[in-house]
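Values quoted throughout were computed directly from the atomic coordinates according to the rules given, and no laboratory measurement underlies them. The structure presented is a predicted model; accordingly, all values stated were derived computationally and were not measured. FYI the Cβ positions are ideal-geometry reconstructions off the backbone, even for glycines, and counts take in every protein chain you see.
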Amino acid sequence: MAQPWFQVRHLEREAGLIALSANFELYGDMSSRMMSIVGQYAPRQEVYSIDESFLDYAGVRGDLNVIGREMRAHVLRWTGLPTSVGFGPTKTLAKLANHVAKMADRKPGSYPAHLAQVCNFGEMTEADLDQVFGVTQIGNVWGIGPRMTARLNEGGIKTVLDLVAADVATLRKQFSVVLEKTVLELRGTSCLDVNEEPAAQQQIMCSRSFGAPVTDLPGLTEVVSQFATRVAEKARHQQANAGAVHVFITTSPFRKNDRQHSPSATTPLVRPSADTRVVIGTAVRALAGMYRPGFNYVKAGVMLVDLQPQGQAQAQGELDLFTAEEELRAPAARRDTSQLMGTVDALNRRFGRGAIGVASATRMAGGQTHAGKQERRSPRFTTRFDEIPSARA
């Protein structure tokens, strides 16, 4: 994972490795289709990530195994995506059941065959659960990472069964209340609710590696402006304003003959904003201050930090100290850019991203672009008419 391509390129020839470029447009669309399907099978749904969703079956009558297999078949039939379904009385148990269902299907013999694809902890006897827990390493439990796994292993806790039997008070002292909640969830006590409205992000970032090194400031300005445009759009979608803008550019540590330079800068905003023009202006000024000629930059990123709800604002008296006099005399409608940004977002949704934007974020003269290499990208079958496969009788 995240290994540079040049380090594994030889496997393409030697071992038949198939390498594909990222296809975020296709991923996002297929994720949306899958989530809309599985959401039909329960009263409440929490979309946890691009490929995971929690469904709440509290009060639902019926055989969950039948529901799970119907749902899995529905997703496979309509999207072609194979899925695993796990049921449990808590979110942690449901996620662990999902892991068991996936491994029993992919690695026959790792778990009983009847647990493949759909696994329901709620119908299993205590003895059967203990058997499954006894062969499952704690690193497969939601929220337990490599470092915590190593520390627990040192203390003799290696399997989920060991963890369930451990003393909760001792774990809380040695680790945290988070691990205590995890153990309680594994024992069947719910500590985490299904949240239909996931918490807003505290930070929003867009970063990419370039298709080729960039050495000039105009090229970096174009790319940083594009990233700033994207994070501003995401902030408005979340109905949040940013209190500061963080920008970074970096050279490649794998290019041993290149001089290295990886600066970053965080610039506070006088007035929290999600206005694309404000975010781009702040990001570009920060970029100009840290750019140095003669370096081969291969990656850049823009991150919005100190996010706060759009309705939250400082007292106008504080803002007046830093606001241009002509802006203060302007009508309120001119100072409020939310309607303008809303119109821009609506046009981009209708006519495609980039239909309306700031000039510095547009492709430079001659069609030059610094987007990542995508010569191995699969077609965007579901969102581009010109990439839909055609068949002849």
Classify the chain from the C-alpha gyration tensor, please: rounded if a/c falls under 1.5, else prolate or oblate depending on whether a/b exceeds b/c. prolate
Using θ = phi - 60° and Karplus 6.51 cos²θ - 1.76 cosθ + 1.60, couplings along the stretch 169-185 (whole Hz; Gly, Pro as x): 4, 5, 4, 5, 5, 7, 10, 6, 5, 5, 5, 4, 5, 4, 5, 4, 5
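Rounded to the nearest 500 deg cm²/dmol, what is the calculated helix-only ellipticity per residue at 222 nm for the chain, with -39500 (n - 2.57) per DSSP H run of length n ≥ 4? Provide the component values of the computation, followed by the final result.
Numbers: 16 runs with 161 residues, N = 393.
Taking each H run of at least 4 residues, the total per residue is -12000 deg cm²/dmol.
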Using per-residue counts of other Cβ atoms within 10 Å, averaged over each peptide, order 249-255, 96-102 from highest down. 96-102, 249-255
